[in-house]
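First comes the structure, then the notes that go with it.
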Number of protein chains: 2
Amino acid sequence: MKLKEIGEFGFIERFKPLFNDLIQDNQIGIGDDCAIIPANETEDWVITTDLLVEDVHFLREAITPRQLGYKSLAVNLSDIAAMGGTPTGSFLSIAIPSSIDVEYLDEFMAGYHELSAKYGVALLGGDTTKSLKHLTINVCAMGKCAKGKARKRSMAQTGDLICVTGQLGDSAAGLKLLLEKSPRIAGYDYLLAKHHQPEPQIAEGLFLADISEVHAMMDISDGIASDLKHILKASGKAATIDVNKLPVSDILKNAAQTLDWNAEELAASGGEDYELLFTMAPENLETIQQQFAERFGKPLYVIGQIADGESIVSWMKGDKKTELGRSGFNHF
Amino acid sequence: MKLKEIGEFGFIERFKPLFNDLIQDNQIGIGDDCAIIPANETEDWVITTDLLVEDVHFLREAITPRQLGYKSLAVNLSDIAAMGGTPTGSFLSIAIPSSIDVEYLDEFMAGYHELSAKYGVALLGGDTTKSLKHLTINVCAMGKCAKGKARKRSMAQTGDLICVTGQLGDSAAGLKLLLEKSPRIAGYDYLLAKHHQPEPQIAEGLFLADISEVHAMMDISDGIASDLKHILKASGKAATIDVNKLPVSDILKNAAQTLDWNAEELAASGGEDYELLFTMAPENLETIQQQFAERFGKPLYVIGQIADGESIVSWMKGDKKTELGRSGFNHF
């Protein structure tokens, strides 16, 4: 049987039961943005790992080595942000083809260090080895949460509002510009930078984890159409999203108009935004939105609501039902 | 500049200073088999990561998927054994080319589970993704040590005996049989199994970490000629090894005779034995050797001694000086 018939999550479901009895009662393993492990009486560890493969996750000729170093860590710190954690350390493994020289690696490490220093994340170890063809990078990152306060995908409650911490679709638009070898339209550099150097929402995650109304949380890596389903499945809930409320940047709107793209579809299905997707009880929404805007200088966007039912997303355009053309990335 | 001009360790030395100020005083980062991080008042975490790349670390047609799953975890647990730690959890990242089917992955996970279950190691998370060509596996494993008891490479003392927990060179011989497409000589399967399914010396590491005479410790992944230098450099010491005392299996001796190989050279320079290499004060040697033999049914081999001086290994054959043809694997 081919892997693409069952996909990444079908594969995980095959082996997960085999390992169930090795997990201790006070640990949370596979199935969330991070594993959760008791640290001490007041804190939990949150730990994640992400693999980046050349020509699958990035094109070496398109991303600068400095951006690649930054992004390799950023996608991991984003998972820690999604738990409401503070990142503390990372482990970097890198398989290096002979076509890459030391100067490239110096730049890669400078980008990795730039983000490490921003959040005081120690580089604690790693592995460097040869690769015959593709540059391949694995990062394992760890962080800490106040005990029992990590936000899990399973925590969504009926009536919760569905929110995101920032604009969607810019990263996917940047990738599309690259893959379609588009002309250098207005906003080209902005959209490519959103794709090549995402910013983990660490401070936003910590802010949200401190608010009791905030329930389920995850980061947006495959696009909300795909990512939200994980929250719904884990929580046993349904959801309604109003496509009109998806936050889309003016730059993306203009690019979509110029190139005849569907900006809403990119915002709903495009991956790698690395904003946070979360659900929260509707009480005190205005106060929380105001505090968020004051603290971060950007709005907290409400895009839909959690409901009872099977784990299906109903897409609305105002009052009318609508359908989505794609459903996020399928990795295989 | 090409990476092979400076090698893996030259590369690490380039970026390590950049990250120094991010390490906390109570953490040990890059430079040992594992990082050491405080866990609680009585324990430390020991954490390691290893990357395995197809056609660099293994040949897909030679190793069974079950062996590959087992080995991917084993090489990491070996690093935890080298600190004297008890492994507790792992994270598995895997980049999968389309030529690999689900049945292959089922077998891979069965092998990974077999070793996980042997030591009660929980699979806590991971990442699965596509690869365009080579199967690539990264494991990050964590374990615990009694506080302050982890054995570091820097702990060797002048006069210490240099010891190993098992026979050397079998794994390198297995690889050589494969690469030279050798005929199926006597012991062929044994030597290949030593290469394809190494056994991490967890119980041996715990036993040794409990003995105050045991000082520096590491696992043998690149061959003692190369690995011992890390202990010497970290400890600021020199060493003498008696080639006559290198423990070589009868199977390897016979294979070497049949195929005109140098068994001593394989034992000294061949990689991937995953036995433990350690130094210990000579007091109570006989008692410790006796306890080790009773507990593990194999001898504790003394192969040399630590001395004052620059980090150089002097190779002896009894009383006479000798030279080694190779010096372990160079990864680039």
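Structure summary
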item	result
Simple spin-label estimate for A:Ser311 and B:Asn20 in nanometres, 7 Å along Cα-Cβ	4.9
Copies compared at B:Ala186 - label distances in nm, ascending, label defined 7 Å from Cα in the Cβ direction	8.3
Full-stretch length increase - B:Ser212, B:Ala117 - with 0.36 nm per residue and alpha-carbon distance subtracted	31.2 nm
Listed residue pairs exceeding 25 Å between alpha carbons, taken from A:Lys4/A:Lys194; A:Lys233/A:Lys317; A:Lys194/A:Lys298; A:Lys118/A:Lys176; A:Lys71/A:Lys321; B:Lys4/B:Lys133	A:Lys4/A:Lys194; A:Lys118/A:Lys176; A:Lys71/A:Lys321
Solitary cysteines of chain A, where the nearest other Cys Cβ is not under 4.7 Å	A:Cys34, A:Cys145, A:Cys163
Copy-to-copy label separations for A:Pro282, where each label sits 7 Å from Cα toward Cβ, in nm and ascending	8.2
Packing-based ranking, highest mean first, of B:172-180, B:24-32, B:268-276 given that Cβ atoms within 10 Å are counted	B:268-276, B:172-180, B:24-32
For residues of A:56-65, the mean tally of beta carbons on other chains within 10 Å	1
Given charges at beta-carbon only (K, R positive; D, E negative), |dipole| of segment B:193-245 in Debye	260
Top positive-direction residue, dipole computed over segment A:175-283 with Cβ charges, set A:Asn254, A:Pro183, A:Ala239	A:Pro183
Shielding by partners, peptide B:103-112 (average Cβ within 10 angstrom, other chains)	3
Amide N of segment B:105-122 lying under 18 Å from the label point, which is placed 7 angstrom from the Cα of B:Thr64 along Cα→Cβ	B:105-118
Proximal aspartates and glutamates relative to B:Lys237, as straight alpha-carbon distance under 19 Å, when same-chain residues fewer than 8 apart are discounted	B:Asp32, B:Asp33, B:Asp160, B:Glu213, B:Asp219, B:Asp227, B:Asp308, B:Glu310
Overall form of segment B:3-146 per C-alpha gyration tensor (a/c, 1.5; a/b vs b/c)	oblate
Inter-copy separations for B:Asp25, label at 7 Å along Cα-Cβ, nm, ascending	3.8
Extension gain, B:Glu5 back to B:Ser99 (0.36 nm per residue minus Cα-Cα distance, nm)	30.4 nm
Computed E for A:Ile12/B:Glu323 - FRET, C-beta separation, R0 51 angstrom, nearest 0.05	0.50
Point-to-point label distance, A:Tyr190-B:Asn262, nm (Cα→Cβ direction, 7 Å offset)	6.6
Cβ-placed point charges (K, R +1; D, E -1), dipole of chain A about Cα centre in debye, nearest 20	440
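Readers should treat all values here as calculations from the given coordinates under stated rules, not as data from a laboratory. Since this is a predicted model, take the numbers as computed values, not measurements. Cβ coordinates were reconstructed from backbone atoms using ideal geometry, including for glycine residues, and neighbour counts include every protein chain displayed.
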